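Read through the structure below, which is laid out as structure tokens, and then see the notes.
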Amino acid sequence: MHGLMMDDPLIITRMIEHAARYHGSAEIVSRSVEGPIHRYTYADAYGRVKQLGNALQSLGVQLGDRVATFAWNGYRHYELYFAISGVGAVCHAINPRLFAEQLIYIINHAEDRFIFLDLTFVPLLEAIKDHLPKVEGYVIMTDAEHMPETTLPNVHCYEDLLAAEPDQIEWPEFDERTASSMCYTSGTTGNPKGALYSHRSTYLHTMFVVGADVFNINNAAVLFPAAPMFHVYAWGIPYASTMVGAKLVLPGAAYDGASVYELLDQEKVTMAVGVPTIWMMLLDHVKKEGKSFPHLEATGIGGSAVPLSMTETFEDDYDVRVYHAWGMTEMSPVGTTAQFNARVAGLPTEERRGFQKMQGRTVCGVQMKILGEDGQELPRDGVAFGEVAVRGPWIISSYYDNEDASKSQFTEDGWFLTGDVATLDAEGHMQIVDRSKDVIKSGGEWISSIDLENAAVGHPGVMEAAVIGMPHPKWDERPLLVVVKADGADAAKDDIITFLGDKVAKWWLPDDVVFVDELPHTATGKIAKLALREQFKDYTLPTAS
Ligand code: ADP
């Protein structure tokens, strides 16, 4: 028997319609690519979203078509999120930091019909345009005054397209399971794989993200997504701000410490989310300049593990609460957040910190279990570790048009295999040990590169640290620590090893420490372990000869 409730579809456009109607004067502030700060309201934004929806239809965009964006965090990109999905097409935000071959692969695989691009990306697309036979036109996201000379074919000016259209529209009606948007993983191995989100999954994920067990966002918040809008939709923050009508502050293309701080301070941001690398630059700037965070109440940090030293600096020195979060492109992306349950909230700070090191707590919406190498479920005892498997309404059920990857990353009964190795305890706390491909296997036991890296960056002379497994004749693999020194610091190998001595098990201590000027990063700002392993392929550990 079905319940007798309305099957009112969960459609993304509803969020912005609501924001424009009931929070019409709340602001969206962007650092524009052209330079100046741009400021308008949800009511203004929705008017333009409707014009853009009309413009897309005038270009011939239809239900199910893919429309790509190459854009920073700015108001025009925000408009595209809602207008493309609103007309029933698929917003395909592309990470411009990927290699040219990957970009070509992604655009052709998704069969994008149009590409909307910020001025910054004109040269990038000019360089690959001849390899994109299916792209019918390019829209440069600027006004007539700033339109560049370009060799791109069928070019339109964004503001001119909008100006030609009315600000009223009848949005087409469709099922809530209609595809709304997509994102490709950065493809550290093999070709990138596409996650295809739906209106329903995005709506439900947004409700999850604003919820008290995740980022706890309400109308009084001022939100700052430092996570790029081309990387899993800035972790859903632009949707979340819209759902609750909170002020949204977008950093444009400027992610350096000074620019980020300027916006946080001037716009009185209360909640900012991003990867540890961004906060490392920000904290460095704030320390050097002797500044503080008078408005910032919390940061959501994820994408890679948050070192305890970063949590301590934010909380103890600046009174900013850290929400450690974990997720991935395939999960829309948020899976867990280290929001305390009642018991943990009542513990002394030192004990609570142990929980903040973890990636978060399983809350209703994402089902999670860990599997041993034989595929059997392991106990939720906080000790056993295995591959994290998940299920839920905002987790992919297969990759877009990629049968091989879809076969290998799902269990027979439909759980998605994340590739992350973790422990899980009886209260749902999950702690990542490593990515399955990065874990170091020493004498049949596992060493967590993440734990070692996090302990190492706690040393004042260490700016950034990466640990990789190096071949070893006796132990199979042993850890090598690669360090970028902090500005002006004089950290020595023995000094760092001694520092680690009481933080990790003795047999985990790296066999060597090597200093480098910089570490390679992936397109999403994480340490590129694959590239690092390649860089050190001819290196031999002193203990291995
Ligand atoms: P990619 O890095 O390949 O672009 P994602 O951005 O989707 O893909 O990254 C997802 C991966 O990032 C996760 O599978 C996990 O390994 C890692 N990750 C995300 N958040 C955390 C975290 N808080 N701690 C440790 N690892 C994390």
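The values are calculated or read from the model by the stated rules, or taken from the named source; none is laboratory data. This is a predicted model, so every value here is computed, not measured. Backbone-built Cβ (ideal geometry, glycine too); neighbour counts: all protein chains shown. Surface areas here come from the heavy atoms of the whole protein model, side chains and all, with no ligands, DNA or RNA. Shrake-Rupley method; radii C 1.70, N 1.55, O 1.52, S 1.80 Å.
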Quick one: Asp7 ticks every box in (1) surrounded by 14 or more Cβ atoms within 10 Å (Cβ to Cβ); (2) not assigned by TED's automatic domain parsing to the domain that holds Phe224 except a single one, so which number is it? (1)
Could you tell me which of the residues Val90, Val61 is farther than 19 Å from Ala195 by Cα and of a type outside the set (Asp, Glu)? Val61
From the list Asn191, Asn108, pick out the single residue that is touching a residue at least 24 places away in the same chain (Cβ under 8 Å) and under 18 Å from Gly64 (Cβ atoms). Asn108
Just to check your reading of the model, which residue among Arg380, Arg353 is open to solvent by 70 Å² or more (accessible area, probe 1.4 Å) and either closer than 30 Å to Ile107 by Cα or in contact (Cβ under 8 Å) with a residue 40 or more places away in the chain (or both)? Arg380
Which one of these does Glu17 not meet: (1) of a type outside the set (Phe, Trp, Tyr); (2) out of contact with any Ser or Thr (no Cβ under 6 Å at 6 or more places or on another chain); (3) open to solvent by less than 20 Å² (accessible area, probe 1.4 Å)? (3)
Enumerate the helices (runs of 4 or more DSSP H) found wholly within the stretch 436-545, keeping only those where 2 or more residues are within 16 Å of the ligand (Cβ to nearest atom) and open to solvent by 30 Å² or more (accessible area, probe 1.4 Å). 449-456, 529-535
Return yes or no: is Glu101 charged (D, E, K, R), under 19 Å from Asn402 (Cα atoms) and not in a strand (DSSP E or B)? yes
Can you tell me which residue among Leu196, Leu204, Leu250 is more than 25 Å from Ala486 (Cα to Cα), in contact with a Pro (Cβ under 6 Å, 6 or more places away or on another chain) and hydrophobic (A, V, I, L, M, F, W, C)? Leu204
If you scan the stretch 51-72, which residues turn out to be open to solvent by less than 20 Å² (accessible area, probe 1.4 Å) and more than 22 Å from His18 (Cβ to Cβ)? Ala55, Val61, Val67, Ala68, Thr69, Phe70, Ala71
Of all residues in the stretch 125-151, which are in contact with an Asp or Glu (Cβ under 6 Å, 6 or more places away or on another chain) and open to solvent by less than 10 Å² (accessible area, probe 1.4 Å)? Met141
Starting from the stretch 357-371, keep only residues that are over 7 Å from Val390 (Cα atoms) and touching a residue at least 12 places away in the same chain (Cβ under 8 Å), then list their pairs with residues that are away from the ligand (no atom under 15 Å from the Cβ) and part of a strand (DSSP E or B) whose Cβ atoms are within a distance under 8 Å, requiring at least 6 positions of separation or different chains. Ile370/Glu377; Leu371/Glu377
So is Asp175 buried (at least 21 other Cβ atoms within 10 Å of the Cβ) and acidic (Asp, Glu) or not? no
Can you tell me how many residues in the stretch 326-338 are over 19 Å from Cys183 (Cα atoms) and open to solvent by 10 Å² or more (accessible area, probe 1.4 Å)? 0
So which residues in the stretch 24-50 are buried (at least 20 other Cβ atoms within 10 Å of the Cβ) and more than 26 Å from the chain's Cα centre (by Cα)? Arg48, Lys50
2 or more residues at positive phi: qualifying strands (runs of 3 or more DSSP E) within the stretch 313-402: none
Subset of the stretch 356-374 (residues that are farther than 24 Å from Pro393 by Cα and within 13 Å of the ligand (Cβ to nearest atom)): Gln356, Lys357
Please specify each residue of the stretch 273-302 satisfying the condition of being crowded, with 19+ Cβ neighbours inside 10 Å, within 22 Å of Ala240 (Cα to Cα) and away from the ligand (no atom under 16 Å from the Cβ). Leu296
Consider the stretch 303-327. How many of its residues are at pLDDT 95 or above and near the ligand (Cβ under 8 Å from one of its atoms)? 4
Strands (runs of 3 or more DSSP E) wholly inside the stretch 164-249 containing at least 3 residues that are hydrophobic (A, V, I, L, M, F, W, C): 179-184, 222-225
